[in-house]
1. Which of the residues spanning the stretch B:60-103 are assigned to a helix (DSSP H, G or I) and surrounded by fewer than 20 Cβ atoms within 10 Å (Cβ to Cβ)?
2. In the stretch B:279-309, what residues are aromatic (Phe, Trp, Tyr) and either under 18 Å from B:PHE227 (Cβ atoms) or at pLDDT 95 or above (or both)?
3. Quick check: is even one residue across the stretch B:316-337 among the acidic types (Asp, Glu), touching a helix residue (DSSP H, G or I) at 6+ places or on another chain (Cβ under 9 Å) and under 25 Å from B:ARG210 (Cα atoms)?
4. Just give me the residues in the stretch A:108-136 being more than 17 Å from A:LEU38 (Cα to Cα) and buried (at least 18 other Cβ atoms within 10 Å of the Cβ), in sequence order.
5. Considering only residues that are farther than 22 Å from B:ALA299 by Cα, open to solvent by less than 80 Å² (accessible area, probe 1.4 Å) and away from chain A (no Cβ under 14 Å), which ones fall in the stretch B:1-26?
6. Checking B:PHE224 against (1) in contact with a Lys or Arg (Cβ under 8 Å, 6 or more places away or on another chain); (2) closer than 20 Å to B:GLN308 by Cβ; (3) of a type in the set (Phe, Trp, Tyr): exactly one of these is not met. Which one?
7. For the stretch B:155-165, indicate whether the set of residues that are more than 13 Å from the chain's Cα centre (by Cα) and touching a residue at least 12 places away in the same chain (Cβ under 8 Å) is non-empty.
8. Output yes when any residue across the stretch B:334-352 is within 28 Å of B:VAL226 (Cβ to Cβ), of a type in the set (D, E, K, R), touching a residue at least 24 places away in the same chain (Cβ under 8 Å) and surrounded by fewer than 22 Cβ atoms within 10 Å (Cβ to Cβ), and no when none is.
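The values are calculated or read from the model by the stated rules, or taken from the named source; none is laboratory data. This is a predicted model, so every value here is computed, not measured. For neighbour counting, all protein chains shown are included, and Cβ atoms are generated from backbone atoms with ideal geometry for every residue, glycine included. These area figures cover heavy atoms from the full protein model, side chains too; ligands, DNA and RNA do not enter into them. Shrake-Rupley method; radii C 1.70, N 1.55, O 1.52, S 1.80 Å.
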Amino acid sequence: MNAALRLCGVEAELPRLMEFAEKFAGRCGLPGSERARLLIILEELFTNALHYGYPHGAAQAQIKVALTAQPGRIEIDFSDDGRPFDPLAQSSPQLDQAPADRPEGGLGLHILRSLVDEASYRRTGGRNHLTLIRNLLGSG
Amino acid sequence: MEIGEARQDGMLVLRPVGRIDNLTSAAFQDRLLVAARAGAADVVVDFTAVEYISSAGLRALMAASKLKPKERRIGVAALNSIVAEIFAISRFSEVIPVFESVAAAVAAGASAAHQLAEAAPMRVHFWGSRGSLPAPLGAAAVRGKVRDALLAARKRELATAEAIDAFIDRELPFTLRGTFGGNTACVEIAAGGDEYVLCDLGTGVREFGRKLVAEYGSDRKHCFNVFLSHLHWDHVMGFPFFPPAYIQGNLIRIHGCHRSLRDALRRQHQEPGFPVDFDTLGATIEFVELVPGRTHQVAGLSVLPIQQFHGGDSYGYRFSRGDKSIVYSTDCEHKYSVLDESYPFVHFYRNADLLIFDAMYSLADTVSVKEDWGHSSNIVAVELAQAAQVKRLVLFHHEPAYDDRMIEAVYGETLRFEEISRDGHKVEVIAAFDGLDLTV
């Protein structure tokens, strides 16, 4: 089972992305906790792309999301036409720092990387492509 | 986003519903900060109805816990498995305290607040320390002080403002650089809680009320707990001039052992004595009758009243918290033949950290002209404080006919008497003045 969606680069698109993911989760019969993880992953991907990919404004951005359900796992293909940016190559935020000194950035990417089991990045055709695999937990 | 709110045992509980994500995190952060800043309570966010939280929500929590007032705490409780997983990934339990349940947060908060409160010092501020009638400083007294100060400054190098300040503070005696003040009885006990505690409503309460309104304006609402020693004029006359009594939303609880508390307070608001009727005052005013010999819990303090010897009766109060005690005992004419535990006040004052004591007269006055006037002397004060092993004794309720020099002379006499009559235990003697601030 698969589904795809095109988005503009404005935050107002987020509810549409969430709705799209919820429908997909419903059709696949994902348990509540996996649905929540999927929504978190997609939100972090989308807000991250807007934040890092378009230093001159993301309004004209063309973002594509494709979801594929496979036995026991979900594949997430996410692409944007922002400047080259590999979220997988970014160092983790220093979470061992005292709360007051913790950097605010990088948390979303850290959560994203922690929630997926496989991840790959490539730059082709002027676009950033991320392919992420999440192995579904049996229940929850 | 929908955020419910409830109070539970002194904590503010926020209950956001749904997702704390990029779309809702700003509103969530604002709500959290308003709660932490506006109220006087710690805040716990109940996550029971939260589906999940994204990094945007975590940033809101982090920002709120950085921007909140230092004395307020924010915690989270009842995380579902997804929220707990996100917290674990982000090591967020190091940023913000996480509790099993709201009940656990409340219990932890209460015990931390309790420990903090027990350990924190109490502050005692004297807004009025004169007995019987206000005694403003007159022109002749001011002239006398100026003259004596100038005499003391002769042949001194006082070329700069700093040198003059140093000279005033270090070399001039209290009676020249200051005054014991003329406001009648009003003592504030600041025990660290949100509610105010006041002993008596003499004219000193006006200063207290003015300072409060100047500091917080009339928007901030307060709760006052007043303990009245008795209803004689000088102990209640400040109330009609207490600005917070006129502000709607304030709560004033007047505690005392007299049956006629309410009548006495109402009466001084009646024509032709005063133009504003008691019933038109904006604040909510409650009267609480206390029973002598029974301990009452008010504003985090244990309060024990005792009946005293005074025309129409008066009552002393022992305020305790943890191992600290403050006794407010004014307007009592002590009479005893033997000073031991058989005299109830030795027991009542026992080991008090601070004893605020009516020592209106010098001994010479007490045994001659002012016997049976319902007050005690500086000598009786020391004897009782020694017998009860009191740490600090504050001479209070100064005679209005005494000028600063006379009070200073009585104080000096008291210090000498304490020294020569001391039997091992030293009592520190202090003379109250309007503005005196003590820490217990």
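1. Filtering the stretch B:60-103 for residues assigned to a helix (DSSP H, G or I) gives B:60-67, B:81-89, B:92-94, B:102-103.
Result: B:ALA63, B:LYS66, B:LEU67, B:SER81, B:ALA84, B:ALA88, B:ILE89, B:SER93, B:GLU94, B:ALA103.
2. B:PHE287
3. Pass one, the stretch B:316-337, residues among the acidic types (Asp, Glu): B:323, B:331, B:333.
Still in the running and touching a helix residue (DSSP H, G or I) at 6+ places or on another chain (Cβ under 9 Å): B:323, B:331, B:333.
Within this subset, residues satisfying the condition of being under 25 Å from B:ARG210 (Cα atoms) are none.
No, because not a single residue in the stretch B:316-337 is among the acidic types (Asp, Glu), touching a helix residue (DSSP H, G or I) at 6+ places or on another chain (Cβ under 9 Å) and under 25 Å from B:ARG210 (Cα atoms).
4. A:ASN128
5. B:ILE3, B:GLY4, B:LEU14, B:PRO16, B:VAL17
6. (2)
7. No, the stretch B:155-165 contains no residue that is more than 13 Å from the chain's Cα centre (by Cα) and touching a residue at least 12 places away in the same chain (Cβ under 8 Å).
8. Filtering the stretch B:334-352 for residues within 28 Å of B:VAL226 (Cβ to Cβ) gives B:334, B:344-352.
If we keep only those that are of a type in the set (D, E, K, R) too, we end up with B:350.
Remaining after also requiring touching a residue at least 24 places away in the same chain (Cβ under 8 Å): B:350.
From the residues that got through so far, the ones that are surrounded by fewer than 22 Cβ atoms within 10 Å (Cβ to Cβ) too are B:350.
Checked against the condition, which is being within 28 Å of B:VAL226 (Cβ to Cβ), of a type in the set (D, E, K, R), touching a residue at least 24 places away in the same chain (Cβ under 8 Å) and surrounded by fewer than 22 Cβ atoms within 10 Å (Cβ to Cβ), the stretch B:334-352 yields at least one hit.
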